[in-house]
Structure formats: structure tokens, C-alpha cells
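Here the structure is laid out as C-alpha cells; the discussion comes afterwards.
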Amino acid sequence: MIQLEGISKTYSGEKAVHALTDVNLHIPAGKIFGIIGPSGAGKSTLLRCINLLEKPDAGAVWVDGVRLDTLGPKELRQARQKMGMVFQHFNLLSSRTVAENVAFPLEVAKVSSQRRKQIVADLLQLVGLEDKANAYPAQLSGGQKQRVGIARALANEPRVLLCDEATSALDPETTKSVLQLLKSINQQLNLTIVVVTHEMSVIQEICDLVAVLDEGTVQECGPVVDVFTRPQAEATKRMLRGTFAANIPPELLSRTPNGHAPRRLLKLSFVGDKAHQPIISHMVQNCQVDANILFGRIDQMKDLPFGMLVLELVGEEERLTAAVGFLRSQQVELEVLA
Amino acid sequence: MLQRALIETLTMVGASTVIAAAAGLPLGLILACTAPGHILEQRLINRILGAIINVGRSIPFIILMVAVIPFTRFVVGTSIGTTAAIVPLSIAATPFVARLVESAVFEIDKGVIEAAQSMGSSPWQIIWKVLIPEALPTLVLGLTITTVNLIGYSAMAGAIGGGGLGDLAIRYGYQRFRADVMIQTVVVLVILVQALQMLGDWASRKLSKR
């Protein structure tokens with residue numbers, strides 16, 4: 001759906017800033033794609049390159065089979081009408097009511113006023129603001145404003161929705177409800193959504209795929225579950241620290257129970273169905289080792305349950321080897337820590 | 001006498017406010033939109049226009065009034081009288097209005113303009129549907145300031161026979177030592193300015209949905 005090829009962007013000034021360096025991304029249709037990274041990583045610049053609010057210095061931008069960066073101003077405006085954008089600070093027109101704000105992109109696209117009314121009514125219902133049609137943005141809460149922003153972005157039936165830190169100005173409760181809204185829009189309208197955020201929880205909650213951006217380059221890209229459970233890049237690991245990484249106290253790792261009995265320290269990650277199965281209990285029965293749970297947690301990634309466990313196995317050497325072998329055969333992600 | 005002077009002042013100020021607003025609004029919009037980083041960035045046009053406006057604002061009104069006499073005669077056929085005074089008043093207020101419009105447009109959140117661009121709006125649509133409506137409350141306040149300024153300027157219009165309250169105060173109140181006329185005209189001027197300011201504030205509040 002969206003194809004970015006070799007995108008580079010440098011801000012000239014007293015000290016040139018390389019915001020993006022040779023970024024290549026493929027964003028498939030119908031997915032929710034997350035772009036995450038620390039502030040200053042170039043996330044927003046990258047998102048803005050998709051609808052050419054930011055013109056890349058080099059590279060090609062393809063959306064829905066059309067190359068955007070070589071279009072003339074008029075064609076670009078037409079292409080933009082088929083891309084919605086949602087902003088961190090909502091960017092609603094303060095002089096217009098909620099309904100008039102949602103109608104704005106329709107006016108721009110020269111939709112007849114009768115059809116405008118119908119579309120606006122439908123959209124306000126979709127985002128749950130039917131009763132606020134005649135209110136002004138100043139009278140709304142942050143969450144409500146962002147719902148208006150989303151309704152406005154959807155007005156011209158876009159194929160793509162770009163969200164620039166759409167929930168970063170909202171409290172956790174409101175963030176949840178806005179994310180749920182995005183998720184249901186993605187399913188109902190089969191819309192491709194690109195989400196830029198610095199919050200892991202946003203990616204975890206709604207994204208199918210994620211790209212980790214740091215210092216203007218893509219460090220890692222793939223399905224959220226893979227990237228979060230088996231991070232490869234240093235930037236990803238840094239971000240995961242404190243969330244998905246097991247923070248095991250060092251004393252636990254170094255202590256030696258029962259004198260000098262052989263032991264293994266294992267980190268197991270379960271994804272999907274595996275998280276529901278009694279694998280540990282099977283292992284204990286089959287291999288006759290003692291298992292001591294040092295750390296454990298279960299999370300949800302979009303719709304997938306995801307569990308992590310740090311185990312200490314104690315027993316005879318060959319039994320330990322057998323136990324590790326058993327776990328490997330169960331196709332759980334396994335890492336031997338000690 | 002006072003009534004006639006009041007009508008002259010209202011005529012001069014009213015007409016020149018309307019003309020200055022009509023001329024200053026497009027100029028201010030061009031000034032704002034061609035500024036670096038704005039929707040129609042044109043540095044050269046921006047600089048030239050900015051310089052012309054600065055020159056216009058730096059000429060003292062009394063000198064301007066005399067300097068444009070040939071132009072005034074060309075436009076209204078005479079260089080003296082209330083109608084003739086409208087020409088220099090309008091010319092003096094136009095660059096002022098242009099700067100007010102420019103700063104009102106700059107005050108609009110860049111994000112709102114960016115949002116309009118992201119929806120595929122043309123520059124023209126942004127000007128009509130975003131910049132003007134969003135700046136309107138500020139513009140109304142600016143126009144109030146302009147009108148009040150023009151009342152002050154119009155006092156000098158007596159120099160070219162424009163009449164008005166200020167002229168009355170100078171000629172009768174000051175030069176002929178008529179303290180009663182002086183006090184009366186000043187009271188009328190104070191009431192006029194107060195009323196205008198209140199009206200402007202009220203209209204701006206009414207328009208602002210922030």
C-alpha cells in the first residue's frame with residue numbers, strides 16, 4: 001500500500017541535521033503499522049514524507065500505486081484528499097463547530113452540501129459524538145477533540161490514515177478508547193493505518209507491524225510479536241528495557257542453591273496458543289527436574305497473549321539437558337541465561 | 001456646530017476605515033502568506049512589500065497629507081474638504097492594517113494550516129476557509145485600534161479643511177480661547193472612542209469561539 005524507497009531528509013541550518021537516512025519501508029494494505037522510536041529519531045518526519053507535508057531530499061514515495069513525490073501541486077492535493085491525517089494537538093479549526101470541522105475536507109473536495117450533511121452525520125455517529133455536532137472545539141475534552149480529528153480524517157474515505165502521536169496528549173484512559181476506535185476503524189473500513197508514537201503500549205495494543213526508528217534509520221522492522229519478543233537491534237532492546245525485558249535482580253542470577261547442584265537459568269517466551277498450555281508442568285513430569293519460577297508475566301499484544309517466564313531448573317546434568325531439549329521441542333522461544 | 005463636526009469626523013473616519021480595511025486585508029494576507037515558511041513563500045515579494053509598508057508607516061501623517069495632495073486632487077477632484085481628507089487618512093491607515101492582518105495571521109497555529117494542507121486544500125482555500133475565519137476575532141480588535149487611531153489622525157485633517165471634531169477643538173477651543181467648546185468636543189471624542197472600543201471588544205468576543 002505504501003512503499004518508501006531510499007528516503008533521506010536533511011535539515012540545513014547552522015548545523016545540518018540528518019533527520020532521515022536511506023529509509024526503506026513497505027506498509028501492507030489493511031494493517032496497522034507502528035513507527036516507534038525515541039524523540040528526535042525522525043518518526044514524524046518520516047510520517048510527513050508519506051503525504052509530502054515534508055518533501056524528502058532523496059527517494060521515492062509510493063502510495064496505492066502512485067508515486068507522490070514527483071506529482072505536480074494539483075495532483076498532489078488530489079492524492080492527499082485520499083489520505084487522512086490525525087495530529088497530536090488535534091489541529092481543529094476553532095472558528096468552526098464539530099460538524100463544520102468534519103465537513104472541512106469535504107468542502108475542499110467540493111462535495112455537494114447535501115452529501116456533506118449525510119457523511120458528517122455518519123462519521124459523528126462512528127466516533128460517538130452525534131450530540132456534539134454543534135459544539136465548538138473549545139467546549140470539548142481532549143479525547144473528544146481527537147475523535148473529531150479522526151472523523152475529519154476519514155471524511156473523504158481515505159485508503160490510508162496517518163496518525164502523528166495521536167494519543168500523546170491524552171490521558172491513559174482516553175488513550176485506550178481512542179486506540180480502540182482506531183482498531184475498530186481498521187477492521188470496519190479495512191483502512192491502512194500508520195501510527196507514529198514513542199509509547200510502547202500504543203504499538204502493543206493496536207499494531208500488527210512495527211518499525212523501530214533511531215537516529216534517522218530503520219533499526220528493525222517486522223511483526224510486533226517478533227520484534228518485541230526477539231529484539232535484535234540495540235535501539236529496540238533499549239526501548240524494551242523496563243517493559244518486556246525481565247528485570248531479574250542480579251543476586252538471583254548469581255546465587256547457587258543447594259550447594260553446587262547443577263542448574264540452568266532459562267528465559268522462556270510464549271506467544272499465542274502456547275501461552276495457554278501447561279508446558280512447565282509437562283516438563284517437570286517428563287524430565288524429573290525441579291523448576292523454580294523466578295520471574296513471570298503475561299501481556300497482550302494486540303489480540304495475542306504473550307507470556308514470559310524466567311525459570312531455574314535444578315537436577316542432574318543429563319535431566320537438565322533433556323528438559324531444555326523438551327522445551328525446545330515445544331517451540332517456545334528459549335534463551336539459556338546461565 | 002458640534003453636530004456638524006461630529007458628522008464630519010464620522011464621515012472621514014468611517015470611510016477611511018472601510019477603504020483601509022479593504023486595501024489592507026489583501027496586502028496583509030499577501031505579506032503573511034509570502035513570508036518564509038508560509039503557504040506561498042516568496043521571499044522577494046515579501047521583502048519588497050514589507051519595505052513599502054514600512055516606508056508608508058514611517059511618514060508623519062501631517063507630511064503625508066500634504067505630499068499626496070496631487071493624488072487627492074486626481075481621485076476626488078479637490079484637495080480640500082472632508083471628502084479630500086479621506087484620501088490621506090486611508091493611505092495612512094492601509095499599511096497599519098496590513099501589519100495588523102499579518103500579525104493576526106501569524107498568530108494562527110501552524111498545525112491548523114498543516115492540517116488543511118494534509119487534506120489537500122489549495123492555498124486559496126486555506127486563505128478563505130482557514131486564515132480569514134481563524135484570524136477574524138483578532139482582526140476585529142485590530143480594526144478597532146485602527147478606527148481609534150484614525151479619529152486621532154482626523155484631528156489633523158483641519159489643515160486641509162477637512163473639518164471634524166479635532167479641527168473644531170483647535171480652531172475654536174484653542175485658538176479662540178473658547179474653553180466650553182474645547183471641553184464639549186473632548187467629551188464627545190472620549191465618548192466616541194469608548195463606544196467604539198466597547199463595540200469592538202464585544203464583536204471580537206462574539207466571534208471568538210476559543
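The values are calculated or read from the model by the stated rules, or taken from the named source; none is laboratory data. If you're wondering where the values come from, they're calculated on a predicted model, not measured in any experiment. Glycine also receives a Cβ, built like all others from the backbone with ideal geometry; neighbour counts cover every protein chain displayed.
Values as computed for the structure displayed
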item	result
Top-ranked residue in region A:38-75 [being within 19 Å of the chain's Cα centre (by Cα) and either among the hydroxyl-bearing types (Ser, Thr, Tyr) or part of a strand (DSSP E or B) (or both); ranked as surrounded by the fewest Cβ atoms within 10 Å (Cβ to Cβ)]	A:SER39
Qualifying positions in region A:117-129 - crowded, with 21+ Cβ neighbours inside 10 Å and assigned to a helix (DSSP H, G or I)	A:VAL120, A:LEU123
Qualifying positions in region A:43-76 - of a type in the set (Val, Ile, Thr) and away from every other protein chain (no Cβ under 12 Å)	A:THR45, A:VAL61, A:VAL63, A:VAL66, A:THR70
Any chance A:SER168 is surrounded by fewer than 21 Cβ atoms within 10 Å (Cβ to Cβ) and modelled with pLDDT of 90 or more	yes
Selection from region B:190-210 of residues that are of a type outside the set (S, T, N, Q), without any contact (Cβ under 8 Å) to a residue 40 or more places away in the chain and either more than 14 Å from every other protein chain (Cβ to nearest Cβ) or assigned to a helix (DSSP H, G or I) (or both)	B:VAL190, B:ILE191, B:ALA195, B:MET198, B:TRP202, B:LYS206
Sole residue being farther than 18 Å from B:GLY166 by Cα and not in a loop (DSSP other than H, G, I, E, B), chosen from B:ALA35, B:ALA20, B:ALA15	B:ALA20
Residue identified as buried (at least 21 other Cβ atoms within 10 Å of the Cβ) and within 30 Å of A:ILE150 (Cα to Cα) among B:ALA104, B:ALA20, B:ALA84	B:ALA104
Selection from region A:1-37 of residues that are closer than 14 Å to A:THR192 by Cα, in a strand (DSSP E or B) and among the small types (Gly, Ala, Ser)	A:GLY34
Selection within region B:20-55 - under 22 Å from the mean Cα position of the chain (by Cα) and of a type in the set (Val, Ile, Thr)	B:ILE30, B:THR34, B:ILE48, B:ILE52, B:ILE53, B:VAL55
Checklist (1) at the interface with chain B (Cβ under 7 Å from one of its Cβ atoms); (2) closer than 17 Å to B:ILE126 by Cα; (3) in contact with a helix residue (DSSP H, G or I) (Cβ under 6 Å, 6 or more places away or on another chain); (4) of a type outside the set (Ser, Thr, Tyr) applied to A:ASN101, failing item	(1)
All positions within region A:162-182 that are within 19 Å of A:ASN51 (Cα to Cα) and in contact with a helix residue (DSSP H, G or I) (Cβ under 6 Å, 6 or more places away or on another chain)	A:LEU162, A:ASP164
Options B:GLN125, B:GLN117: the member that is within 14 Å of chain A (Cβ to nearest Cβ) and in contact (Cβ under 8 Å) with a residue 12 or more places away in the chain	B:GLN117
Test for A:PRO137: is it within 9 Å of chain B (Cβ to nearest Cβ) and under 26 Å from B:SER204 (Cβ atoms)	yes
Search result, residues across region A:289-326 that are under 30 Å from A:VAL202 (Cα atoms) and either of a type in the set (A, V, I, L, M) or in a loop (DSSP other than H, G, I, E, B) (or both)	A:ILE293, A:LEU294, A:ILE298, A:MET301, A:LYS302, A:ASP303, A:LEU304, A:MET308, A:LEU309, A:VAL310, A:LEU311
Filter result for the condition that a residue is of a type in the set (A, V, I, L, M, F, W, C) and part of a loop (DSSP other than H, G, I, E, B), over B:LEU64, B:LEU40	B:LEU40
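A quick yes/no check of all residues on (1) of a type outside the set (Asp, Glu); (2) within 22 Å of A:LYS31 (Cβ to Cβ):
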residue: A:GLY72; (1), (2): yes, no
residue: A:GLU75; (1), (2): no, no
residue: A:GLN78; (1), (2): yes, no
residue: A:MET85; (1), (2): yes, yes
residue: A:GLU100; (1), (2): no, no
residue: A:VAL111; (1), (2): yes, no
residue: A:VAL120; (1), (2): yes, no
residue: A:GLN146; (1), (2): yes, yes
residue: A:ALA169; (1), (2): yes, no
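Okay, residues lined up against (1) assigned to a helix (DSSP H, G or I); (2) touching a Lys or Arg at 6+ places or on another chain (Cβ under 6 Å); (3) within 22 Å of B:LYS110 (Cβ to Cβ):
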{"residue": "A:GLY84", "(1), (2), (3)": "no, no, yes"}
{"residue": "A:GLN88", "(1), (2), (3)": "no, no, yes"}
{"residue": "A:LEU93", "(1), (2), (3)": "no, no, yes"}
{"residue": "A:ARG96", "(1), (2), (3)": "no, no, yes"}
{"residue": "A:ASN101", "(1), (2), (3)": "yes, yes, yes"}
{"residue": "A:ASP131", "(1), (2), (3)": "yes, no, no"}
{"residue": "A:ALA135", "(1), (2), (3)": "no, no, no"}
